[in-house]
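Single-structure report; data block below.
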Amino acid sequence: MLKGINPILSPDLLATLRAMGHGDEIAIVDGNYPALEHARRLVRLDGHALIPVLDAILSVMPIDDFVADAIFRSTKGPERDTLDPVHEEIIACCAKHEPDRAIVPLLGPDFYPRVKAAHTVVQTGEPRLYANVILKKGVIYP
């Protein structure tokens, strides 16, 4: 345990977040997502829901401010703008940490390749469908 560090952030996840560089992306996915198949690197956080994991990661990881879009969420099938309750929670959580950043919905054909290219995939135990987020890491300014 560490002071000021959310205990959801496991040693493997902390090492991954620290190792990521500017512009690297991390995908946080639900328990139904085919993470093992899609991940270059996989960190499992079974037993933890998506929102607490997202909140913990955003508590330590800067979001890229060199690009227009740096936070993405999956959509409910082909419905780009339909918001399930989990999407509303994702938006609220991200707004708490990054109030000036939009959450960009990505349809499956755009979302899946981006997850496959991500630095790391974090698989949660989230049971809700379409509970997936991608974050692009930013920098810590001197």
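The values are calculated or read from the model by the stated rules, or taken from the named source; none is laboratory data. Because the structure is a prediction, the values reported are computed rather than measured. For neighbour counting, all protein chains shown are included, and Cβ atoms are generated from backbone atoms with ideal geometry for every residue, glycine included. What goes into the accessible areas is simple: the full protein's heavy atoms, side chains included, and nothing from ligands, DNA or RNA. Shrake-Rupley method; radii C 1.70, N 1.55, O 1.52, S 1.80 Å.
Based on the Cβ-Cβ distance of Ser10 and Phe66, what FRET efficiency does E = 1/(1 + (r/R0)^6) give at R0 = 30 Å, to the nearest 0.05?
0.60
How do Leu36, Leu135 rank by accessible surface area computed with a 1.4 Å probe, from largest to smallest? If you can, show how the numbers build up before the last one.
Working: Leu36 145, Leu135 0 Å².
Heavy-atom accessible area, descending, gives Leu36, Leu135.
Quick check: the distance between the Cα centres of the range 54-80 and the range 88-104, to the nearest angstrom?
For the range 54-80 versus the range 88-104, the Cα centre distance is 8 Å.
Leaving ligands, DNA and RNA out of it, report the carbon-plus-sulfur percent of the accessible area of the chain at a 1.4 Å probe.
In the chain, the share of accessible area belonging to carbon and sulfur is 55 percent.
Modelled label-to-label distance, Lys76 and Ala102, 7 Å Cα→beta-carbon offset: nm?
2.1
Just from its helices, what would the mean residue ellipticity at 222 nm be for the chain, if runs of 4 or more DSSP H residues each count -39500 (n - 2.57) and the sum is divided by every residue, rounded to the nearest 500 deg cm²/dmol?
After summing the helix terms and dividing by the residues of the chain, the value is -9000 deg cm²/dmol.
Using a Förster radius of 35 Å, what is the FRET efficiency between Val139 and Ala92 based on their Cβ-Cβ separation? Nearest 0.05, please.
0.90
Ordering Glu98, Glu126 from largest to smallest accessible area (1.4 angstrom probe), what's the sequence?
Ranked list, largest accessible area first: Glu98, Glu126.
Among (1) 16.3; (2) 14.9; (3) 15.8, find the value of Kirkwood radius over Cα pairs in Å that was calculated from the structure presented, and write down its label.
Label (2) holds the value from this structure.
Could you give the accessible area per residue of the range 60-142, probe 1.4 Å, as a whole number in Å²?
Details: 4110 Å² over 83 residues.
In whole numbers, the range 60-142 has 50 Å² accessible per residue.
What does DSSP give for the chain in terms of the percent of beta bridges that are antiparallel, rounded to the nearest 5?
Expressed as a percentage, antiparallel bridges in the chain total about 45.
Once you order the gyration tensor axes a ≥ b ≥ c over the Cα atoms, which shape class does the range 75-127 get: rounded for a/c under 1.5, otherwise prolate or oblate by comparing a/b with b/c?
Verdict is rounded for the range 75-127.
Can you bin the range 53-105 into rounded, prolate or oblate? Criterion: square roots of the alpha carbon gyration tensor eigenvalues sorted a ≥ b ≥ c, rounded for a/c under 1.5, prolate for a/b above b/c, oblate for the rest.
oblate
Please say if the range 22-70 is rounded, prolate or oblate, where rounded means a/c under 1.5 for a ≥ b ≥ c the square roots of the C-alpha gyration tensor eigenvalues, and otherwise the choice is prolate for a/b larger than b/c and oblate otherwise?
oblate
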